[in-house]
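The values are calculated or read from the model by the stated rules, or taken from the named source; none is laboratory data. Owing to the predicted nature of the structure, the values given are computational and were not obtained by experimental measurement. Don't worry about glycine lacking a Cβ; one is built from the backbone with ideal geometry, like all the others, and counts go over all protein chains shown.
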Amino acid sequence: MFIRTERNILKAYKGEARSKGAYLLFARQAESEGHYQVARLFRAAAFSEGVHAQWLLRSLRETSQMTNAAWEGQRCVLAVRNGDTVENLKNAIGGETIEFVSMFPEMIRDAAQEGWEFAHECFTCLNLVELVHVGLFSSALERIGRNPPAPYYVCESCGNVLEGKPGDLCTICEAPPVLFQLVD
């Protein structure tokens, strides 16, 4: 029988994989509308979600053979509506907010209660990065049509996204600046 943290890892992985696909789709839409900076942001967020998905897979090392067997039969289906850029930004803000406000805090509690140290660390970092995503998407929405060109860098360790070149350690996981990748 699955325990809560095992289910949470599977749920979070599916969500991160779905978000990565959706953000790549949203990036193409933004670009087609001439919102090149918003397209860059969506690509950076997609890269970040991919980092999150990899981290979640690593957290499965704490799990059981039964969960690993069940995992092999899972599929991630991308069922997302691609609207215009404004609608896509609003959808991204809504999805990230749900993750930050309710989904990950519950997963953090479950992992702590069940003694899953790596999963607890993983969920905690992901939760902090989702808040960063909300801020970046909200800022892009407020400035739609007036988004100045800026590079986005993604921490390869935790998925943190920075608008502009990193100057110091990652504020989420303390990775050095060399672990940030430019996403264009």
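Total residues in the range 162-176 satisfying the condition of being without any contact (Cβ under 8 Å) to a residue 12 or more places away in the chain and surrounded by 11 or more Cβ atoms within 10 Å (Cβ to Cβ): the figure is 4. The one condition from (1) within 30 Å of GLY34 (Cβ to Cβ); (2) modelled with pLDDT under 95 that PHE180 does not meet is (2).
Looking only at the range 30-58, which residues are without any contact (Cβ under 8 Å) to a residue 24 or more places away in the chain and either crowded, with 22+ Cβ neighbours inside 10 Å or of a type in the set (A, V, I, L, M) (or both)? Talk me through it step by step, then tell me what you get.
So the first thing to find is which residues in the range 30-58 are without any contact (Cβ under 8 Å) to a residue 24 or more places away in the chain, and the list is 31-32, 34, 39, 54.
Scanning the range 30-58 gives a single hit, ALA39.
Candidates are the residues of the range 110-131 that are surrounded by fewer than 21 Cβ atoms within 10 Å (Cβ to Cβ), within 24 Å of VAL154 (Cβ to Cβ) and among the hydrophobic types (A, V, I, L, M, F, W, C); the one that is modelled with the lowest pLDDT is PHE118. One residue stands out in the range 132-161 among those that are touching a strand residue (DSSP E or B) at 6+ places or on another chain (Cβ under 8 Å) and of a type in the set (A, V, I, L, M): the one that is surrounded by the most Cβ atoms within 10 Å (Cβ to Cβ), namely VAL154.
Only one of these is modelled with pLDDT of 90 or more, more than 17 Å from GLY135 (Cα to Cα) and assigned to a loop (DSSP other than H, G, I, E, B): GLY83, GLY50, GLY34. Name it.
Working: GLY83 fails: modelled with pLDDT of 90 or more; GLY50 fails: assigned to a loop (DSSP other than H, G, I, E, B).
That would be GLY34, the only listed residue that is modelled with pLDDT of 90 or more, more than 17 Å from GLY135 (Cα to Cα) and assigned to a loop (DSSP other than H, G, I, E, B).
Checked against (1) modelled with pLDDT under 95; (2) in a helix (DSSP H, G or I); (3) closer than 28 Å to TYR23 by Cα, THR67 passes all but condition (3).
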